[in-house]
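Take a look at the structure below.
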Amino acid sequence: MKNLTYLLLILLTVPVKIFAQAPKPYTITYIVNKTIDKGEYVDDRRIDKKDKISTNTLIYILNTKKDSISLYDFNDSPVSEKKVPNLCTLTRNQNVLSLNYKNESYTTKLNIAFKDDDKSVLIGEKDVFYLNDFYYKYIRKSIGDNLNIPDLIDFLEDFLPGYNLDDLKYISSYEKYKHKDFKILKGYMESYRTQASDYLDQWNIKFLYNEAGIPKYILKESKEGDQEIEKKLVSSSKGIFKYTKHTNIESRLITDREILIDPNKKTYAEKVTSLQVGLGKESRYETKPISCKSFPSKEFILTSGSISKLKSSK
């Protein structure tokens, strides 16, 4: 009789324990950045006199598969003010992937296809990147089969603004910095001018790596010799990579960045100088991470109340 009673207690207890220990289906990455606005300059003369400091809180929520992300972005404002997140999903329809990203201002849709015969990845209709065998096999499985968005963001890192995906740069997996045999060999892109929609730019993209396999140089150059992106490795020490990045958008907006990437801590910091050519006005700012934490969550879409509790607990 005692043994029967003990067995019944076990049967009654197990479901409760299983329910209590059920894993939470989402992961929150909670990032706090500090931005120092260094002001505006004309002819190297500063217009305003004081630096302005703001805090930016980013809350990324990923499902277990990492094919869906919700993003809450609070720039120096009460977190309870925003209730609707930006949403990003990666889906598959036969052999073509579709990345859909929607924020408050616009919607981006990007088709992605893999070509096994020449180990290339087609982005949209014309942009194509050729990879070495190690990197192609990795993203073919991670992105093509498993629909991993952070690995896709890592792959497209230097071209995110052109695809309207720059909001997602902080959720990158940084895998290509951790694996020294992951290499993009070359690329080709096309784009029409924003102020001359009938003018087609055709871009060749060069990728170079140092002896340790670290990306050391990227050049996006048109057939006419215009350089839109030039990125150089300055130093790599203790797993932290320092780059300079020069961007020239149709000779209208010229930006120089000094970038620090820590793949292990998954942090991204930058100092930016941006020149609006037509106005002759230059702006400068610096963004640095204060904290970056990840923890499980039961919710994919947060209420203003749960966001406030989340912020107060951090």
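We did not get these values from a lab; they are worked out from the coordinates using the rules stated. Keep in mind the model is a prediction, meaning the values are calculated, not measured. Every residue, glycine as well, gets a Cβ built from its backbone with ideal geometry; the counts of neighbours run over all protein chains shown.
Observations on the model:
- Estimated at 0.36 nm per residue, the fully extended path between D118 and Y199 surpasses their Cα-Cα distance by 26.2 nm.
- Segment N63-F300, extension gain: residue separation times 0.36 nm, minus the distance between their alpha carbons: 84.6 nm
- Rh by Kirkwood over Cα pairs, then Stokes-Einstein D for the chain at 0.692 mPa s and 37 °C, µm²/s: 150 µm²/s
- For the stretch 56-160, the alpha carbon positions stretch 51, 26, 25 Å along the principal axes, listed from largest to smallest.
- Extension gain (nm, one decimal) between N100 and K24, 0.36 nm per residue minus Cα-Cα: 24.9 nm
- Inter-probe distance in nm under a simple model that places probes 7 Å from Cα toward Cβ, at E258 and A212: 2.0 nm
- What the Kirkwood sum gives for the stretch 170-213 is a hydrodynamic radius of 13.2 Å, with every pair of different alpha carbons counted.
- Dividing the alpha-carbon radius of gyration of the stretch 119-268 by the rule-of-thumb value 2.2 N^0.38 Å gives 1.03.
- Normalised convex hull volume, the stretch 242-300, alpha-carbon set, Å³ per residue: 130 Å³
- Alpha carbon centroid spacing (whole Å) that separates the stretch 186-250 from the stretch 165-185: 15 Å
- Here the spin labels are modelled as points 7 Å beyond Cα on the Cα-Cβ line, and at K232 and L160 they lie 2.4 nm apart.
- Normalised contact order of the stretch 25-115, rounded percent, pairs of Cα under 8 Å and 6 or more residues apart: 19 percent
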